[in-house]
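The values are calculated or read from the model by the stated rules, or taken from the named source; none is laboratory data. Bear in mind that the values here come from a model prediction, so they are computed numbers and not experimental data. We place every Cβ from the backbone using ideal geometry, glycine too, and count neighbours over all the protein chains shown.
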Amino acid sequence: MTELKTVVNIPLQAVFKDDNFNSWLAKNTDEIKDALGVEDWELTEINKNETVFRFTESQTSEKYFIYSNMGEFQEQNLLNIMALAQAHQVSRVIWIMENPQDKTIAALMNINMLAKKKYLTLMTAQAFKTGDSKPAIEFREH
């Protein structure tokens, strides 16, 4: 008989205890691209803290601003994201976090409603594993 294992969610901090999630993300940006369903893009900038990534989609020239700073207060991050996105004149903002708060989700929905388009996209990054397997990171667009 086949023994089945349960898939469990584990905190990203447990996966990246000796490393930094954003450093890993900087080397694996295709994970974001694939989760968004973007065919091809060119990385145009990564900031020194590896929390801000800018891409230009190859076919449409649409500019993406990706912000990933897992440990900071979400309301402060939202203000930072809006200011940076405005300064870089991007057409779409992707905010990556592990566990969004309800009020953060509501704020993003209101911003998109006021913009009359999907300007701000929330993407969660979560780690899963079964038994003694290596963890897998899943990105999900919301």
Q | Of residues in segment 75-107 being small (Gly, Ala, Ser) and part of a helix (DSSP H, G or I), the one nearest to the chain's Cα centre (by Cα) | A | Ala85
Q: Output yes when any residue across segment 95-107 is among the β-branched types (Val, Ile, Thr), out of contact with any helix residue (DSSP H, G or I) (no Cβ under 8 Å at 6 or more places or on another chain) and under 23 Å from Ser61 (Cβ atoms), and no when none is.
A: no
Q: Starting from segment 102-129, keep only residues that are hydrophobic (A, V, I, L, M, F, W, C) and surrounded by fewer than 17 Cβ atoms within 10 Å (Cβ to Cβ), then list their pairs with residues that are at pLDDT below 90 and not in a helix (DSSP H, G or I) whose Cβ atoms are within a distance under 6 Å, requiring at least 6 positions of separation or different chains.
A: Ile111/Leu120
Q) Among the candidates Phe65, Phe16, Phe55, Phe21, which residue alone is touching a Lys or Arg at 6+ places or on another chain (Cβ under 7 Å) and within 22 Å of Ile137 (Cα to Cα)? A) Phe65
Q. Since Phe128 meets every condition but one in (1) touching a helix residue (DSSP H, G or I) at 6+ places or on another chain (Cβ under 6 Å); (2) under 27 Å from Lys17 (Cβ atoms); (3) among the aromatic types (Phe, Trp, Tyr), which condition does it not meet?
A. (1)
Q.
Quick check on Ala14: is it under 12 Å from the mean Cα position of the chain (by Cα), in a helix (DSSP H, G or I) and among the small types (Gly, Ala, Ser)?
A. no
(Q) Being part of a loop (DSSP other than H, G, I, E, B), under 27 Å from Gln13 (Cα atoms) and of a type in the set (Gly, Ala, Ser) is the requirement here; does Ser61 meet it? (A) no
Q.
Just the residues that are of a type in the set (Ser, Thr, Tyr) and in contact (Cβ under 8 Å) with a residue 12 or more places away in the chain, please, taken from segment 41-97.
A. Thr44, Thr51, Thr56, Ser58, Tyr64, Tyr67, Ser68, Ser91
